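This report refers to the structure that appears directly beneath it.
The values are calculated or read from the model by the stated rules, or taken from the named source; none is laboratory data. Bear in mind that the values here come from a model prediction, so they are computed numbers and not experimental data. Because the Cβ atoms are built from the backbone with ideal geometry, glycine has one as well, and the counts that use them run over all protein chains shown.
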Amino acid sequence: MKLVADCHFHTISSGHAYSTIGEYAEAASEKGLELIGMTDHGPAMWGGPHIFHFDNLKVIPGKLHGVEILKGIEANIIGFDGSIDAADRNLEGLDIVISSFHYPCLKPGSINENTAAVIKSMENRYVNIIGHPDDSRIGLDYTELAKAAADSGVMIEVNNSSLKPSTYRQNARENYKRLLDECYKHNVYIIINSDAHIHTDIGETKEAFELVKSLGYPEELIANTNTVKLKQRLGIRRR
């Protein structure tokens, strides 16, 4: 089993990342990746780009250094009603919309409140991935999350950055074991991403990949082992 795509990384436009899209594409080519998805933070994140950044992603070529480039956003959940920091008119032209709960953009509430916020964000038909649902500081009901992902067709991310020793997120490994058990019960597609903030980390998913393998998660439910399957899962809600 091999991952051919990485669909969560941040360029210098995110404000706390350190590489350009060109540097990412070159590094991805050297590592043998077929596709990468550019997903800078939405504007509610401190230091994040203006919404015009996402409206203008069309100027970026569809391929750089032989690697296919998908354009997207890591949108921030900004309300317990599931609202995110980009309007449909900004999202409709994007290939990837990750919906993520970030502490700076919404102070966590109870497990029920946090879970409702994430699940309600899935009601936006442009959302196709839930980002890093793994931090004990933002408690979630994983049974309900997996059921909602199965019903909506939204993919659940296994985020490699969350599993690194340097992570600030809490108990990610244990939380992923619980979450992936629920995802398996409900046949949920997952995607393994780096969440790179510098180009040298693109495609670096060792911790997440090994965890998923150790749990026996079926390859057919891992979206980024094949670009055709990945694109089908990214587009399934937009038909």
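Annotations
- Answer from 61, 49 - the residue that is within 18 Å of the chain's Cα centre (by Cα) and assigned to a loop (DSSP other than H, G, I, E, B): 49
- Residue match in the range 191-207 (condition: β-branched (Val, Ile, Thr) and without any contact (Cβ under 8 Å) to a residue 12 or more places away in the chain): no
- Any helices (runs of 4 or more DSSP H) falling wholly within the range 161-239 and containing at least 2 residues that are of a type in the set (Lys, Arg) and in contact with a helix residue (DSSP H, G or I) (Cβ under 7 Å, 6 or more places away or on another chain): 172-185, 227-235
- Close Cβ contacts (under 8 Å, 6 or more residues apart or on different chains) running from residues in the range 92-117 that are surrounded by fewer than 12 Cβ atoms within 10 Å (Cβ to Cβ) to residues that are modelled with pLDDT of 95 or more and hydroxyl-bearing (Ser, Thr, Tyr) comprise 92/126.
- Top-ranked residue of the range 184-239 - restricted to ones that are acidic (Asp, Glu) and closer than 20 Å to residue 98 by Cβ, ranked as surrounded by the fewest Cβ atoms within 10 Å (Cβ to Cβ): 204
- Given (1) part of a loop (DSSP other than H, G, I, E, B); (2) crowded, with 16+ Cβ neighbours inside 10 Å, index of the condition residue 28 fails: (1)
- Restricting the range 92-104 to residues that are in contact with a helix residue (DSSP H, G or I) (Cβ under 8 Å, 6 or more places away or on another chain) and not charged (D, E, K, R), the residue that is modelled with the lowest pLDDT: 93
- Check on residue 126, among the hydroxyl-bearing types (Ser, Thr, Tyr), modelled with pLDDT of 95 or more and in a helix (DSSP H, G or I): no
- Test result for residue 176, buried (at least 16 other Cβ atoms within 10 Å of the Cβ), among the aromatic types (Phe, Trp, Tyr) and farther than 13 Å from residue 155 by Cβ: yes
- Cβ-Cβ distances below 6 Å connect the following pairs, each with a first residue in the range 217-239 that is modelled with pLDDT of 95 or more, a second residue that is among the aromatic types (Phe, Trp, Tyr), and a separation of six or more residues or different chains: 221/189; 223/189; 233/189.
- Taken over the range 70-83, residues that are touching a Gly at 6+ places or on another chain (Cβ under 9 Å) and within 15 Å of residue 133 (Cβ to Cβ) amount to 3.
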